[in-house]
Amino acid sequence: MKYFLLPLGCATNKADAERIAGVLSSVGYTTANSEEEADLIGVIACSIRQSAIDRVYGKVHQWNQWKKNRTVTTFVSGCMLAADQKKFLKLFDLVVPLDKVPEMPHMLKEYGTSPVEHFWDITPKRQHQYKALVPIQNGCDKFCTYCAVPYTRGREVSRSSKDILKEVESLIQSGVRQITLLGQNVNSYGLDKKGEELSFAQLLDAVGTMADKAPHRVWIHYTSPHPRDMTREVLEVQAKHPSLAHYLNLPLQSGNNDVLKKMNRRYTVEHYMTILDLAREIIPDMTVSTDIIVGFCDETEEQFTDTCRAVERAHYDIAFIAQYSVRPGVVAEKRFADTVAKDEKKRRHTVLTDILKIGALNNNQQLVGKTIPALVETASRKDGKLLARTEGLKSIEFASTDESLIGHFVLVRVESCDAWRLSGTYLSAADENPIRA
Ligand code: 5AD
Ligand code: SF4
């Protein structure tokens with residue numbers, strides 16, 4: 001029996017898919033190379049925007065057509081709103097909320113009960129050998145008014161730090177080069193178990209201590225923190241351990257205080273900029289990315305212009321810009337009208353991308369001439385290049401056909417750049433841990 005998984009949306013869904021794959025392989029399923037050759041197809045749904053949910057409906061209709069000619073079992077898991085879950089029950093063979101994943105073998109009726117009870121205890125079947133996603137928390141208590149996550153994933157629950165550290169240790173032992181600590185709100189880690197659990201800064205410190213001692217170079221990333229909970233302590237811990245990557249995703253969402261208030265973000269632009277400046281003061285070579293929503297409810301032209309000014313001021317390296325998409329059942333859907341036209345959202349997206357590009361290009365130009373480490377990810381065979389990522393997760397390409405470098409660190413001299421990509425020349429392999437050398 002072969003399975004195929006289709007994770008949509010963010011890194012958390014990719015990490016969840018690896019645990020679902022872990023359960024399926026533990027009961028004898030093997031991976032199919034495509035949907036076409038699979039006996040069991042699962043989609044890990046994302047509810048952040050309507051377009052992602054539309055894809056789920058599109059896919060399941062297609063799979064249900066296939067059922068006329070062959071047997072195939074379908075299931076849906078991941079981030080689902082109650083309203084969609086109801087509809088999914090009629091379209092999929094199985095609807096599997098994440099906390100029910102350990103019971104999947106039982107649901108598939110062929111096997112007995114699962115060997116573990118809790119989702120996080122499942123051993124993931126990892127997509128990559130050299131990089132890994134490690135969930136540290138699930139759910140969110142912030143209730144930003146536009147966001148589906150508190151409804152699809154529920155309240156914030158921190159995973160035990162002992163389990164996290166055990167997983168990180170075994171990943172490092174098995175040679176993993178890059179680990180991302182994942183959560184919807186990583187810097188409120190432990191607050192749900194106050195007094196019993198480490199704080200996020202303490203957890204990061206423990207992970208950093210472990211990774212600094214690794215037999216090879218390791219980069220640790222974390223995503224995403226909430227600006228409101230960001231502390232000097234976290235940034236100082238990040239600066240202290242060489243293995244903690246100089247990368248920060250700090251979601252701004254809007255550059256206007258009235259919009260931020262309507263979004264229930266609970267910080268001001270001024271506070272956000274204080275945190276950003278502090279991050280760059282403590283770690284001057286920090287690569288900074290952000291998330292922004294354009295066209296939220298009745299966002300005016302002036303309010304949008306404030307976001308443009310904020311993006312200019314912040315000179316981000318990358319921004320994940322989203323056009324506001326109403327989610328059924330969230331506070332914004334009930335309280336505010338979605339008045340900005342689709343075309344206008346698109347226009348604001350383009351305008352903001354152009355502003356972002358100027359800052360990103362300028363940042364990249366500062367790297368030209370420098371020699372930096374990068375982790376090789378893929379080969380582009382047709383033009384004889386390898387594609388890698390820097391510590392700040394910037395793409396960098398260089399001429400080489402040596403595919404054995406994939407999954408390893410290299411040193412590259414940056415020769416040129418555009419706003420989204422660096423180009424360089426390969427200098428040497430760079431897997432050894434610089435801290436131990
Ligand atoms: N519409 C558009 N973008 C959204 N995001 C979250 N909810 C919505 C929505 N309803 C964006 C936010 C968040 C990112 C993961 O997705 O910018 O940071
Ligand atoms: Fe959604 Fe806000 Fe929670 Fe992020 S912090 S997951 S945007 S509710």
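The values are calculated or read from the model by the stated rules, or taken from the named source; none is laboratory data. Predicted model only: the values in this text are computed from it and were never measured. With ideal geometry, Cβ positions are generated from the backbone for all residues, glycine too; neighbour counts draw on all protein chains shown. These area figures cover heavy atoms from the full protein model, side chains too; ligands, DNA and RNA do not enter into them. Shrake-Rupley method; radii C 1.70, N 1.55, O 1.52, S 1.80 Å.
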Check your understanding: Solvent-accessible area per residue for the range 2-119 at a 1.4 Å probe radius, Å²?
Key -> 47 Å²
Practice item. Just tell me which aspartates and glutamates come within less than 18 Å, Cα to Cα, of LYS100; anything on the same chain fewer than 8 places away is out. Key: ASP16, GLU18, ASP84, GLU110, GLU117, ASP121, GLU156
Practice item. Could you tell me the largest-minus-smallest coordinate of the C-alpha atoms of the range 331-396 on each of the three principal axes, in descending order and whole angstroms? Key: 51, 26, 25
Study note, to complete from the structure: In the chain the accessible area split gives carbon plus sulfur, as whole percent at 1.4 Å, a share of 52 percent
Exercise for review: Would you tally the net charge around ARG413, using a Cβ to Cβ cut-off of less than 14 Å, leaving ARG413 out, and scoring K and R as +1, D and E as -1?
Suggested key: -1
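What trypsin sites (Lys or Arg not before Pro) does the range 322-377 have in DSSP loop regions with at most 13 other beta carbons within 10 Å?
The qualifying sites are LYS370.
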Point to revise | Nearest-20 debye value, the range 220-334 charge dipole, Cβ charges on Lys, Arg, Asp, Glu | key: 380 debye
Practice item. Note down, for the chain, the three equivalent ellipsoid semi-axes (square root of 5 times each alpha carbon gyration tensor eigenvalue), biggest first, whole angstrom. Key: 33, 29, 23
**Study point:** Normalised alpha carbon radius of gyration of the range 2-119 [divisor 2.2 N^0.38 Å]
**Key:** 0.99
Review point. Among VAL218, VAL414, VAL368, which one shows the biggest mean-square fluctuation in a GNM of the chain, springs joining Cα atoms closer than 10 Å?
Key: VAL368
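As an exercise, identify the trypsin sites (Lys or Arg not before Pro) in the range 143-252 lying in DSSP coil whose Cβ has no more than 10 other Cβ atoms within 10 Å.
ARG155, LYS194
State the Kirkwood hydrodynamic radius of the range 128-245 in Å, one decimal place, computed from all pairs of distinct Cα atoms.
This gives a value of 14.5 Å.
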Check your understanding: Hey, if you put +1 on the Cβ of every Lys and Arg and -1 on every Asp and Glu Cβ in the range 2-119, which of ASN13, ALA52, VAL116 ends up farthest toward the positive end of that dipole?
Key -> ALA52
Review point. So which cysteines in the chain don't have a second cysteine's C-beta under 4.7 Å from them?
Key: CYS10, CYS46, CYS79, CYS140, CYS297, CYS308, CYS417
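Over the chain, what is the relative contact order in whole percent, taking alpha-carbon pairs under 8 Å and six or more residues apart?
Value for the chain: 11 percent.
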Check your understanding: Which value, in debye to the nearest 20, gives the size of the charge dipole of the chain about its Cα centre, when Lys and Arg are +1 and Asp and Glu are -1 at the Cβ?
Key -> 800 debye
